[in-house]
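The values are calculated or read from the model by the stated rules, or taken from the named source; none is laboratory data. Here the structure is a predicted model, which means the values were calculated and not measured. Using ideal geometry, Cβ is built from the backbone for each residue, glycine included, and neighbour counts are taken over all protein chains shown. In case anyone asks, the SASA skips ligands and DNA or RNA and just uses the protein heavy atoms, side chains included. Shrake-Rupley method; radii C 1.70, N 1.55, O 1.52, S 1.80 Å.
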Amino acid sequence: MGFLQKLFRKQQNQEDTVNEKLNIGIILGSTRQGRVSPQVGNWVKDIADKRGDANYEIVDIATFNLPFLGTSDGTEPGIAEWNEKLANLDGFVFIVQEYNHSITGALKNALDFAREAWNDKAAGFVSYGSTGGARAVEHLRGICGELKIADVRTHPTLSLFLDFENGTDFKPRDMHLDNVNEMLSDVVAWGSAFKKIR
């Protein structure tokens, strides 16, 4: 094969990689009984699927049965499955609950159980709580920086008082739709840029 043919094929492969749809994981950050994160995650996924700009999927950390970091020998199958799932994703949308001004212990544990699988990818946040979960996301942004996750600015915040009935039935106000779409646009744009350098 001649030099020009090799160059053309390499360029074509790079373009094919760039033109492939990204795989974005919508990560449910709570594992407790009675949690509302599946309602919020499914709402985000419904909005995202209508866009057609990426492949979106719910990633529920509860299904991986991760032990607490440092309390096992690390051979549990869920640990390898968790890392494999993250490695196959190009970006993330974290569904974040605020507990005591921060993220849940389960989400922090899941973040700590991977390293390279997070690197050079983009993330957005949708949070909820009495103050919209804003304080939890501020903590999560610092963790993302350490894991080389680029977090986008736009951040939809949901109120337990205004977007949930009785604190349990999710009824989001229409005003959040534009913010979710703007956040998703940024995650896809940044995720595409990072995919070129990974």
- request: Using a 1.4 angstrom probe on heavy atoms only, work out the carbon and sulfur share of the accessible area of the chain in %.
  value: 50 percent
task: Using only Cα atoms, figure out Rg for the chain and give it as a multiple of 2.2 N^0.38 Å.
output: 1.10
Relative contact order %, the chain, counting alpha carbon pairs below 8 Å whose residues are six or more apart: 22 percent
- prompt: Per residue, how much accessible area does the chain have with a 1.4 Å probe, in Å²?
  reply: 52 Å²
- prompt: Taking the chain as a Gaussian network, where each spring joins two C-alpha atoms under 10 Å apart, which residue of Thr71, Thr104, Thr131 fluctuates the most?
  reply: Thr71
Thr31 long-range amide H proximity, modeled H, under 5 Å: none
field: Only Lys, Arg (+1) and Asp, Glu (-1) charged, at Cβ; the chain dipole about Cα centre in debye
entry: 480 debye
- prompt: Amide H to amide H, which residues 5 or more places from Gly132 or on other chains are under 5 Å from it, using H placed in the peptide plane?
  reply: Leu160
query: Where a Cα-Cα gap under 20 Å defines reach, which lysines qualify for Lys21, not counting those fewer than 8 residues away within the same chain?
result: Lys10, Lys45, Lys50, Lys85, Lys121, Lys195, Lys196
- prompt: Is the stretch 41-153 best put as rounded, prolate or oblate by its Cα gyration tensor, with a ≥ b ≥ c the root eigenvalues, rounded for a/c under 1.5, and otherwise prolate when a/b is larger than b/c, oblate when not?
  reply: oblate
- prompt: For the stretch 148-163, what does the Karplus curve 6.51 cos²θ - 1.76 cosθ + 1.60, with θ = phi - 60°, yield as ³J(HN,Hα) per residue in whole Hz, taken in order and with x for Gly and Pro?
  reply: 6, 9, 8, 9, 7, 6, 5, 9, x, 10, 10, 9, 4, 8, 9, 10
field: 37 °C / 0.692 mPa s Stokes-Einstein diffusion coefficient of the stretch 154-198, Kirkwood radius on C-alpha pairs, µm²/s
entry: 269 µm²/s
- prompt: Which value results when the Cα radius of gyration for the stretch 128-183 is divided by 2.2 N^0.38 Å?
  reply: 1.26
